[in-house]
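> I have a structure I would like to understand better, so I am pasting it below and will then ask my questions one at a time.
The values are calculated or read from the model by the stated rules, or taken from the named source; none is laboratory data. Remember, predicted model here, so these are calculated numbers, not experimental data. Methodologically, a virtual Cβ is constructed for each residue, glycine included, from the backbone with ideal geometry; neighbour enumeration extends over all protein chains shown.
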Amino acid sequence: MGVFTGFGSWINQNSQEPLKAESTRSENGESKSASEKDTNNAPAKKKKKVVIYYDEKEDMRQERLWHKAEKKHPWRNPPPKIKVTNKKGLYHMNIELTVGTTPNVVYYVLTDPKGGPFFDYKKWRDIMKNTSRKVLKENGPKRVIMVEKALAYNILSLTTISIPIHLTMEENRKDLTTNYKKGKVILMKEFHGNYKVEPIYVDQERLCKKRLPKSPEEYKKCSGGQGRIGSKLTINHYFQPYPPFNIPPLSWFIRGNTIKTSKKLLNGIQELTSSFRRAGPPSEEDMEASEIETVEVHNFLKI
């Protein structure tokens, strides 16, 4: 998996890409400190600056709360709620998923440049991955991206083929929303949608009593800083196959397979965030050793 802004070292570590060692071994097996390497005139590696649009320290504090709670009472991932309707041949799939981690983590999992944590370990293959990605326009937290994905599509449980999906995606990293539409998707006349990630105040009934918080700031105050913030992921996906795939029984097959594949992708998100809760956030030493330097922007000018 790739590096997510603000959580580079942590997510790499928990996505089976270990961090690079802080020190290198000399020929006699002894480690050298950073100061020793400097005296040898070794050039210092320049950190990559990444702009983020949230309070990184607050998110890290939240992840520590999740990690502490996971040791005593492990979070149980609720199944996704999926509802599919059809109006004049256009399918609308509405998905709601509750995730046990902060909204910023969920959003950056979804917008991972390498395509996200969508790997089937039983069959040892990618369910979905990015094969190409290009940023077309960027303005503050908003950016337009052209991406090509490869989706594993199961045909009647007999074989699996890789289907290319070309999408244009409009991301807003501050509001945690994305709109997408097809450039080219095989078999599909219509293929577009949107998703958003919103906070869930997991411990509000227990810690805030009758007072229902309306913002993370209110929640932090009424919970004494001990309330965990989870995430609600809402996806609205629209698709319509070309003829004759829009006619039963072919349309039934496409509908059923779309739901099945969506469940696998959602399960991938929940499994990855479960590993985050178990591992906990990175230490200050890990953050210092990270190749990423984050720059927080909370106010920006619209052009």
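> I'd like the full set of residues that are surrounded by 15 or more Cβ atoms within 10 Å (Cβ to Cβ), closer than 21 Å to residue 105 by Cα and of a type in the set (Gly, Ala, Ser), limited to segment 203-243.
227, 230, 231
> Could you check how many residues of segment 126-165 are acidic (Asp, Glu) and in contact with a Pro (Cβ under 7 Å, 6 or more places away or on another chain)? If you could, list the steps in order and put the result at the bottom.
So the first thing to find is which residues in segment 126-165 are acidic (Asp, Glu), and the list is 126, 138, 148.
After this cut, where a residue has to be in contact with a Pro (Cβ under 7 Å, 6 or more places away or on another chain) as well, the list is 148.
Matching residues across segment 126-165 total 1.
> Out of curiosity, is residue 259 outside any loop (DSSP other than H, G, I, E, B), over 15 Å from the mean Cα position of the chain (by Cα) and among the hydrophobic types (A, V, I, L, M, F, W, C)?
Considered against the rule, which asks whether it is outside any loop (DSSP other than H, G, I, E, B), over 15 Å from the mean Cα position of the chain (by Cα) and among the hydrophobic types (A, V, I, L, M, F, W, C), residue 259 comes out as yes.
> Among the residues of segment 245-262, is any surrounded by 14 or more Cβ atoms within 10 Å (Cβ to Cβ), touching a residue at least 40 places away in the same chain (Cβ under 8 Å), farther than 22 Å from residue 188 by Cβ and of a type outside the set (Gly, Ala, Ser)?
The answer is no, given that none of the residues of segment 245-262 is surrounded by 14 or more Cβ atoms within 10 Å (Cβ to Cβ), touching a residue at least 40 places away in the same chain (Cβ under 8 Å), farther than 22 Å from residue 188 by Cβ and of a type outside the set (Gly, Ala, Ser).
> Could you check residue 161 against (1) of a type in the set (A, V, I, L, M); (2) in contact with a helix residue (DSSP H, G or I) (Cβ under 8 Å, 6 or more places away or on another chain); (3) farther than 18 Å from residue 193 by Cα and say which number it fails?
Every listed condition holds for residue 161 apart from (2).
> I would also like to ask the following. Report, by residue number, each residue of segment 67-79 that is assigned to a loop (DSSP other than H, G, I, E, B) and either surrounded by fewer than 19 Cβ atoms within 10 Å (Cβ to Cβ) or of a type in the set (D, E, K, R) (or both). Let's see the steps before the verdict.
Residues of segment 67-79 assigned to a loop (DSSP other than H, G, I, E, B): 73-79.
Listed by number, the residues that qualify are 73, 74, 76, 77, 78, 79.
> Among strands (runs of 3 or more DSSP E) lying entirely in segment 151-202, which contain 2 or more residues that are surrounded by fewer than 16 Cβ atoms within 10 Å (Cβ to Cβ), in the same structural domain as residue 245 (by TED's automatic domain parsing) and modelled with pLDDT under 95?
159-172, 177-185
> Might you check whether a residue that is assigned to a strand (DSSP E or B), of a type in the set (Asp, Glu), modelled with pLDDT under 95 and out of contact with any Lys or Arg (no Cβ under 8 Å at 6 or more places or on another chain) occurs anywhere in segment 105-112?
no
> When the residues of segment 116-140 are filtered to those that are part of a loop (DSSP other than H, G, I, E, B) and in contact (Cβ under 8 Å) with a residue 40 or more places away in the chain, which remaining residue is surrounded by the fewest Cβ atoms within 10 Å (Cβ to Cβ)?
Once the filter is applied, the top-ranked residue is 140.
> Moving on to the next point. How many residues are within 16 Å of the chain's Cα centre (by Cα) and surrounded by fewer than 20 Cβ atoms within 10 Å (Cβ to Cβ) when one looks only at segment 81-109? Even if it seems obvious, please write down each step before you answer.
Looking only at segment 81-109, we keep the residues that are within 16 Å of the chain's Cα centre (by Cα), and these are 95-109.
In the following step, the residues that additionally are surrounded by fewer than 20 Cβ atoms within 10 Å (Cβ to Cβ) were identified as 96, 98.
Qualifying residue count, segment 81-109: 2.
> Could you grab me the full set of residues in segment 207-248 that are of a type in the set (A, V, I, L, M) and in a strand (DSSP E or B)?
Correct list: 229, 233, 235.
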